[in-house]
Amino acid sequence: MRTRKLEMACPVCGSGEVFYSCTPNCCFNHVCSACGATFEPETRAAGGTVTGLLPPDPLPEAADPTAACARCESTSVWLIEDGSPVCGHCGALLKLEYTEICPG
């Protein structure tokens, strides 16, 4: 199954111009370049597993949005064709939520 890079919309202004501003194993602070808001994404298991996942092409870069899998904590969280988040490591279907929202 084809995947694409994880995409996020700013929870304050809705912009898709969001980037990851930290490093894995520290925090998951993201910044919106449109309004300056910061937030942290979290995932929850949505139930179900997907197999046969192909990594996104091109692979995500360091500043691309990311989140940790709720099941295995891998940061290889991608989107499948219907736009649902999935873990590229364990195949868990996920739901994405935002925490620590601070308007810019």
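The values are calculated or read from the model by the stated rules, or taken from the named source; none is laboratory data. This one's a predicted model, so the numbers in the text were calculated from it and none came from an experiment. Glycine gets a Cβ as well: all are built from the backbone with ideal geometry, and neighbour counts include every protein chain shown. Calculation scope for accessible area: heavy atoms of the full protein, side chains included, ligands and nucleic acids excluded. Shrake-Rupley method; radii C 1.70, N 1.55, O 1.52, S 1.80 Å.
Return the pairs, sorted by first residue and then second, in which the second residue is of a type in the set (D, E, K, R) and open to solvent by 40 Å² or more (accessible area, probe 1.4 Å), the first residue lies in segment 73-101 and is outside any strand (DSSP E or B), the beta carbons are less than 7 Å apart, and the residues are 6+ apart or on different chains. Close Cβ pairs (under 7 Å, with a partner that is of a type in the set (D, E, K, R) and open to solvent by 40 Å² or more (accessible area, probe 1.4 Å)) amount to E81/R2; C90/R71. When segment 60-80 is limited to residues that are open to solvent by 70 Å² or more (accessible area, probe 1.4 Å) and farther than 18 Å from G16 by Cα, the one that is farthest from the chain's Cα centre (by Cα) turns out to be R71. Among all residue pairs at least 6 apart or on different chains, which show Cβ distances below 7 Å where the first residue, located in segment 1-29, is on the phi < 0 side of the Ramachandran plot and surrounded by 13 or more Cβ atoms within 10 Å (Cβ to Cβ) and the second is aromatic (F, W, Y) and in a loop (DSSP other than H, G, I, E, B)? That search, which allows pairs on different chains as well, returns C22/F28. Contact annotation: residue pairs with Cβ atoms under 9 Å, 6 or more positions apart or on different chains, pairing a residue in segment 51-64 that is closer than 13 Å to T75 by Cα with a partner that is among the small types (G, A, S) and open to solvent by less than 100 Å² (accessible area, probe 1.4 Å), are P55/S76; P55/G88; P60/S76; A63/S21. What's the number of the only condition in (1) touching a Leu at 6+ places or on another chain (Cβ under 8 Å); (2) under 13 Å from L94 (Cβ atoms); (3) in a loop (DSSP other than H, G, I, E, B); (4) open to solvent by 20 Å² or more (accessible area, probe 1.4 Å) that A46 fails to meet? Here A46 meets the rest and fails (3).
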